[in-house]
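Please treat every number below as a calculation from the coordinates, not as lab data. In this text, all values refer to a predicted model and were calculated from it rather than measured experimentally. Cβ: placed from backbone, ideal geometry, glycine included. Neighbour counts: every protein chain shown.
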Amino acid sequence: MENRKEEKPTYPKYAPGTHVRTSDIRDKKITYTWWEPEIQYAWSLGNAMSKFLQGLKEGKILGVHCHKCNRLIVPPRSFCEYCYGPTEDWVELKDTGTINTYSVSYLDPNANRIEEPILIGVISIDEAYPKPMGFMHYFGEMSKDEIHIGMKVKAVWKPEDEREGSINDIKYFKPLGGGE
Ligand SMILES: [Zn+2]
């Protein structure tokens with residue numbers, strides 16, 4: 001093959017075309033359409049997550065042990081990701097914990113800007129171990145100035161007849177205390 005070393009490809013400094021600006025959309029200079037697909041699907045959660053969500057429907061946070069690694073795992077898994085052995089011995093945990101991390105978000109889940117921020121973060125569930133062990137959720141009944149890492153919190157549950165086996169069967173975690 002001949003030496004093509006000299007033939008370096010060249011690229012335009014800027015890609016051709018025109019950037020679309022938000023104002024172009026607002027001023028209807030851009031043609032666009034909106035389509036909402038009707039998609040139906042079923043999702044198999046597996047044994048461990050199904051049992052966890054069924055527990056939430058009943059107002060319980062369930063965890064499961066790996067005795068070999070001395071872990072009490074929540075959210076539960078069918079196997080321990082440390083030793084890959086099967087988990088066993090399900091237990092109900094208290095619905096209290098400690099804020100491990102958090103964010104103050106001025107964007108809602110659809111990326112719209114909002115005035116009142118959403119407080120969201122990871123809760124270390126009290127009886128699970130080793131720490132930190134827990135899951136992500138919303139925080140409520142506290143301001144962005146009050147929330148802090150290490151804050152003790154407790155789950156606020158939806159009324160029983162509104163629960164559907166979802167992580168949102170817990171509405172949010174509120175500060176522990178205030179008479180409880
Ligand atoms: Zn293990």
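Once the Cα atoms are used to define both axes, helix 46-57 deviates from the longest principal axis of the chain by about 70 degrees. Based on C-alpha pairs under 8 angstrom that are at least 6 apart in sequence, the chain has a relative contact order of 18 percent. Taking the fewest neighbouring Cβ atoms within 10 Å as the starting point, the ordered list for PHE79, PHE52 is PHE79, PHE52. Of the residues TYR84, TYR102, the one with the fewest other Cβ atoms within 10 Å heads the list, and the complete ranking is TYR84, TYR102.
Panel order for PHE135, PHE173, by other beta carbons found within 10 Å of each beta carbon, from fewest to most: PHE135, PHE173.
Semi-axes of the equivalent ellipsoid of the chain are 43, 27, 20 Å, computed as sqrt(5λ) over the eigenvalues of the C-alpha gyration tensor in descending order. Which entries of LYS68/LYS171; LYS94/LYS158; LYS68/LYS158; LYS60/LYS131 show an alpha-carbon separation above 28 angstrom in the structure shown? Among LYS68/LYS171; LYS94/LYS158; LYS68/LYS158; LYS60/LYS131, the Cα-Cα distance tops 28 Å for LYS68/LYS171; LYS68/LYS158. Per residue, the chain reaches -2500 deg cm²/dmol at 222 nm when only DSSP H runs of four or more residues are counted, each adding -39500 (n - 2.57). Of all aspartates and glutamates in the structure, those lying under 13 Å Cα to Cα from LYS154, and not within fewer than 8 positions of it along the same chain, are ASP95, ASP126, GLU127, GLU141, GLU180.
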